[in-house]
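Here the structure is laid out as structure tokens; the discussion comes afterwards.
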Amino acid sequence: MTVLEQTQIEGITEPVIERYFQTLNSGEYNQTARLFAAEGVLHPPFESPLVGQDAIAIYLQTEAKGMKLHPRQGKVETIEKEHIQARITGKVQTPLFGVNVAWTFVLNPVQEIISVEVKLLASLSELAGLQR
């Protein structure tokens, strides 16, 4: 079993969010996917939403290899029906480049991830430069 790095995110105390980053950074993509509710959704940048733990795990195994996520700070608020929304900013480092990122998590009352939306925080010219 892989030892997971501790993740400290300023303003965030929800264990499931910390575990999301820990498991992704450790390459434990099946564990990451199991943090989602059965019909949880991952909204990656420039891709169609992925629904369900199996689809999320397959996507992460293909697309997240070699990535390191560095969340810095976040803010949590309670939204409808005791759901929690957390907005987190940080950086993702891939083998080829680094980019600033914002993650928006929605958690249900039993601390399962309902959705994660990942947005790149870069200008169009910066994004175009990543494709070279």
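Observations on the model:
- Charge dipole (debye, nearest 20) of segment 22-132; +1 at Cβ of Lys and Arg, -1 at Cβ of Asp and Glu: 480
- For the chain, lysine pairs with C-alpha atoms less than 26 angstrom apart, excluding pairs fewer than eight positions apart on the same chain, total 8.
- Among Ser48, Ser26, Ser115, a tally of other beta-carbon atoms within 10 Å of each Cβ gives an order, fewest to most, of Ser48, Ser26, Ser115.
- Size estimate for segment 64-125 follows the Kirkwood approach: the inverse of mean 1/r over distinct Cα pairs works out to 12.7 Å.
- Calculated P(r) tail over 13 Å for segment 45-84, as whole % of Cα pairs: 71
- Note on Leu121 and Gln73: the extension gain reaches 15.8 nm, defined as 0.36 nm multiplied by sequence separation minus the Cα-Cα distance.
- With only Cα atoms counted, segment 1-98 has Rg and Dmax values of 13.5, 41 Å.
- Ellipticity at 222 nm from helices only: DSSP H runs of n ≥ 4 in the chain, each -39500 (n - 2.57), divided by the residue count, give -7500 deg cm²/dmol.
The numbers here are math on the coordinates, done by the rules we state, and not lab data. No experiment lies behind these values; they were computed from the predicted model shown. With ideal geometry, Cβ positions are generated from the backbone for all residues, glycine too; neighbour counts draw on all protein chains shown.
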